[in-house]
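What follows is a single structure, written as structure tokens, with notes after it.
Bear in mind that the values in this text are calculations on the coordinates, not laboratory data. As the structure is a prediction and not an experimental result, all values here were calculated from the model. Note: ideal-geometry Cβ built from the backbone for every residue, glycine included; neighbour counts use all protein chains shown.
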Amino acid sequence: MNNFVFQNPTKLIFGKGEIKRLSKLIDKDKKILMTYGGGSIKRNGVYEQVMQALEGYDIVEFSGIEANPDYSTLMKAVDICKTQNIDFILAVGGGSIIDGTKFIATAAKFEGEDAWDILRKKAKNLPIPIDFATVLTLPATASEMNNGGVISRRDRCEKFSFHNPAGFPKFSILDPTVVLSLPEKQISNGIVDIYAHTLEQYLTTCLDTKVMDRWAEGLLLTLIEEAPKLLKPNPSYESCANFMLTATMGLNGFISMGVDEDWATHMIGHELTALCGLDHGETLAIVHPGVMSVMRKEKHGKLLQYARRVWNITIENEEQAIDEAIERTENFFRSIGKKTRLSEYGIGNDVIDTIVQRFTDRGWAVGEHGIVTPEKTRLILEKVL
Ligand code: NZQ
Ligand code: ZN
């Protein structure tokens, strides 16, 4: 097991009807910026619950943050924070709203010349952000309990992540009933995202990390069991609750203690979103089986453990067992309605060339210990063409 430091200060408030607690969690004298997206919260009653809970508070609303939040939109909110003395931001939405809010909260305090440096140049010594918290409406990213964010810049077809060590939400309210208004596509995007987060921290090096491995396997098995139930109309409260907690536990630091992490699938996936407009979950369903396949030698031990413990594959021949596990993973993604090939989206070799060129220019070798070189990236993408 690797050495590690673990700290996660986000307070979780979980369960049906818990949005009403907001007034106990935010001081009355705060000037709040409430951030949200394109309006789903107005259709499913979440907006009303938040407004009722915060009656009498001084709230400025900032709506219209898009899926894959855009730098230019977020900079407008940064301006509001600076000119209107905002001292608390409440994000109400999915990963895009929460990531966007993390960026706004950090950029509003950033003293560098260009806030884009937070992303592209991975500026060091990021400031303590404006305090922020979340009301989650989409289980997927775990942004509600981590300090990372991913921001897009459509004018340059770019998408980059950042981490602010001081940038965890103060609290997050997780009411599983929000799942009921999610379109099927967003539920399956969420399932793939959580599955991929878990694999990124699990399918790496064998380091005898028994606790983290079994937590990760528990998350994967929960997703495989709950997915068909979640995709039927009106899933039960228990299914929604299990889905929501699986999402948070997938990327809040618990399963990454002492393990090597991969993240190649995500890095390649971000390029597919930036260049071709695919949803985050859609990119992962294509790329992950490719990574498993091309990196099978380096990941042999964990792939075999995954085959045996998650898919219960007993075939004695190890290579055949791994083949079967990769196939079942792809079939699982397809069973929940995801495409798993680039060509199904009309994406061809020109995009592969662009991604490989970008990784080469940036000097990026991704994956655990940099094992996914630009050349491996090409092989991965060609495998899933
Ligand atoms: O904008 P509105 O109208 O709210 O609609 C949203 C949006 O269109 C809708 N939605 C959200 N909750 C809903 C709902 N519709 C009906 N009922 C509800 N309860 O869903 C659409 C997608 O929302 P979005 O927030 O974009 O989805 P998600 O949570 O999947 O977030 C994706 C973003 O998070 C980043 C991704 O790269 C992507 O930009 N990620 C963030 C991570 C992190 N911070 O740790 C890690 C992830 O790997 C990921 O990269
Ligand atoms: Zn993800």
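Structure notes:
- Computed about the Cα centre, the dipole magnitude for the chain is approximately 500 debye when only Lys and Arg (+1) and Asp and Glu (-1) carry charge, each at its Cβ.
- Other residues lying with their Cβ under 11 Å from the Cβ of residue 29 contribute a combined charge of 0, Lys and Arg counting +1, Asp and Glu -1.
- Over the chain, relative contact order from alpha-carbon pairs under 8 Å, at least 6 apart, %: 16
- Rounded to 5, the percent of DSSP beta bridges in the chain classed as antiparallel: 25
- Taking every C-alpha pair closer than 8 Å and separated by at least 6 residues, the mean separation divided by the residue count of the stretch 324-381 gives a relative contact order of 22 percent.
- Placing unit charges on the Cβ atoms only, positive for Lys and Arg and negative for Asp and Glu, gives the stretch 318-385 a dipole magnitude near 360 debye about its Cα centre.
- Given in Å, the Rg to one decimal and the Dmax to the nearest whole number for the Cα atoms of the stretch 183-383 are 16.3, 48.
- Note on the chain: dipole from Cβ charges, positive end direction compared against 15, 171, 25; the farthest Cα belongs to 25.
- Distance between the 7 Å Cα→Cβ label points at residue 124 and residue 238: 5.2 nm.
- Projected onto planes of every orientation and averaged, the convex hull of the alpha-carbon atoms in the stretch 11-177 covers 8.9 nm².
- When the stretch 11-177 is described by a simple charge dipole with +1 on each Lys and Arg Cβ and -1 on each Asp and Glu Cβ, the residue from 75, 162, 49 located farthest towards its positive end is 162.
- Built from the Cα atoms of the stretch 89-129, the convex hull projects on average onto 2.9 nm², one quarter of its surface area.
- By other beta-carbon atoms within 10 Å, ranking 113, 319 with the fewest at the front produces 113, 319.
- Projecting the Cα atoms of 367, 277, 343 onto the charge dipole of the chain, computed from C-beta unit charges around the Cα centre, puts 277 farthest toward the positive end.
- Of 90, 221, 74, the one that fluctuates the most in a GNM where the chain has Cα springs shorter than 10 Å: 221
- For the stretch 11-177, the relative contact order comes to 27 percent (Cα pairs under 8 Å, sequence separation of at least 6).
- Taking the Cα centre of the stretch 11-177 as reference, the dipole from Cβ charges on Lys and Arg (+1) and Asp and Glu (-1) amounts to some 320 debye.
- Each residue, residue 4 and residue 214, gets one label point 7 Å from its Cα in the Cβ direction; the gap between the two is 1.6 nm.
- Distance between the 7 Å Cα→Cβ label points at residue 42 and residue 335: 4.0 nm.
- Largest-first principal axis extents of the Cα set of the chain (Å): 66, 47, 43
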